[in-house]
Amino acid sequence: MRVAFLGLGHMGLPMARNLAAAGHDVTGFDVVPAACDAARDAGLTVAARALDAVADADVVLTMFQTGAQVTDAYRGGGDTPGLLQAAPAGILFIDCSTIAVDDARAAHALATAAGHRSLDAPVSGGVVGAENATLAFMVGGEADVFAQARPILEAMGRRIVHCGEAGLGQAAKVCNNMILAASQIAVAEAFVLGERLGLGHQALYDVAAHASGQCWALTVNCPVPGPVPSSPANRDYAPGFAGALMDKDLSLAAHAVQSTGTDARIGMLAHEIYRDYAAGPGAARDFSGIITDIRDAR
Ligand code: NAD
């Protein structure tokens with residue numbers, strides 16, 4: 001397939017490379033010239049303009065930071081036609097950015113109104129997953145569009161889940177990350193409480209990892225060094241999943257909580273806690289480093 005890949009940042013570049021490695025004819029573009037240079041150095045074909053990248057495409061993938069970037073690029077502005085207008089008629093648009101559910105639905109409505117098919121397909125797995133083509137994709141859109149997109153997504157990921165109609169890929173992403181944030185804080189609080197009661201890290205781990213406290217935040221991302229040697233705590237909280245990204249995802253969760261009137265007090269408190277964490281050095285540290293803030297708050 002001829003694939004236009006727009007947004008060649010930390011995630012987009014390795015994803016585009018995996019699509020090319022799987023035999024697709026990939027043309028990339030990024031608004032930042034340095035990102036285009038890095039993509040050329042990595043062996044990708046890079047277009048001079050977004051509109052050139054999409055002109056012959058069968059599929060257009062976007063991997064941007066925000067929802068406004070996606071809808072603005074789809075729509076265009078002023079004298080510049082948008083991607084939806086510049087692309088051949090009736091092609092497939094897949095947005096892999098992590099954006100608000102409402103923005104994903106707006107992007108889908110724009111694409112549909114322009115005669116295209118579209119999916120929201122946010123990912124988890126981080127840069128390592130993008131490089132190794134082991135990302136998890138959470139996909140929203142019609143079932144037949146999902147079936148059409150599957151081979152493309154399989155070139156970049158390992159677990160691909162159709163979550164339902166447009167926007168529900170993003171919904172799955174915010175719900176999962178709200179669980180993750182709350183459980184990471186709860187695990188960190190338990191270790192600090194244990195320390196103050198004289199309970200060793202390994203003893204608490206050996207009990208909770210095999211009891212009802214068991215969760216990913218404990219058994220994979222353990223916030224103290226020792227019990228899980230591969231967790232970020234063993235390398236001074238080098239990410240992993242950085243605090244700034246968790247704060248961003250929780251902002252999207254908060255938006256969804258407000259727009260649906262959901263009683264999610266734990267999730268919203270987790271958002272407040274990670275907003276403070278990401279306002280300092282935590283922005284660039286793994287989100288499990290929240291344990292340091294909890295320990296220091298006396
Ligand atoms: P990034 O900032 O490194 O890359 C985004 C790129 O999009 C930038 O290079 C930017 O210049 C480009 N861009 C923006 N608007 C554009 C446009 N109109 N045309 C072409 N290029 C444009 O961000 P990232 O870390 O690659 O993350 C991308 C998305 O994936 C975000 O939504 C993020 O929340 C999500 N995500 C990131 C990670 C991670 O570990 N980095 C993990 C999961 C999900």
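The values are calculated or read from the model by the stated rules, or taken from the named source; none is laboratory data. This one's a predicted model, so the numbers in the text were calculated from it and none came from an experiment. So basically every Cβ, Gly included, is an ideal-geometry build from the backbone, and we count neighbours across all protein chains shown. Remember, those area values only see protein heavy atoms, side chains included, never the ligands or the DNA or RNA. Shrake-Rupley method; radii C 1.70, N 1.55, O 1.52, S 1.80 Å.
Solvent-accessible area of the chain (1.4 angstrom probe, protein heavy atoms only): carbon and sulfur portion equals 56 percent.
Here is how the number arises for the chain: DSSP H runs of 4 or more residues each give -39500 (n - 2.57), the sum is divided by the residue count, and the result at 222 nm is -15000 deg cm²/dmol. Between the stretch 225-244 and the stretch 154-171, how far is it from one alpha carbon centroid to the other, in angstrom? So the two Cα centres are separated by 27 Å.
The stretch between ASP25 and LEU269 holds 83.3 nm of extra length on full extension. This uses 0.36 nm per residue minus the Cα-Cα distance. Taking the square roots of five times each eigenvalue of the Cα gyration tensor of the chain, the equivalent ellipsoid has semi-axes of 38, 20, 17 Å, listed largest first.
Among residues other than ARG275 whose Cβ falls under 11 Å from its Cβ, what is the net charge (Lys/Arg +1, Asp/Glu -1)?
Result for the neighbourhood of ARG275: -2.
Global dimensions of the stretch 93-136 from alpha-carbon coordinates: Rg and Dmax equal 12.3, 36 Å.
Below 8 Å, C-alpha to C-alpha, sequence gap of six or more: please give me the relative contact order for the stretch 200-256 in percent.
20
DSSP beta bridges confined to the chain are antiparallel in about 20 percent of cases. Considering only protein heavy atoms, what per residue accessible area in square angstrom results for the stretch 99-201 with a 1.4 angstrom probe? Heavy-atom accessible area per residue stands at 41 Å². Averaging 1/r over every pair of different alpha carbons in the stretch 110-206 and inverting the result gives a Kirkwood radius of 15.7 Å.
The modelled label-to-label distance between ASP144 and ASP37, using points 7 Å beyond Cα along the C-beta direction, is 4.7 nm.
State the extension gain, in nm to one decimal, for the chain segment bounded by ALA186 and SER251, taking 0.36 nm per residue of separation less the distance between their alpha-carbons. Roughly 21.5 nm would be gained on extension.
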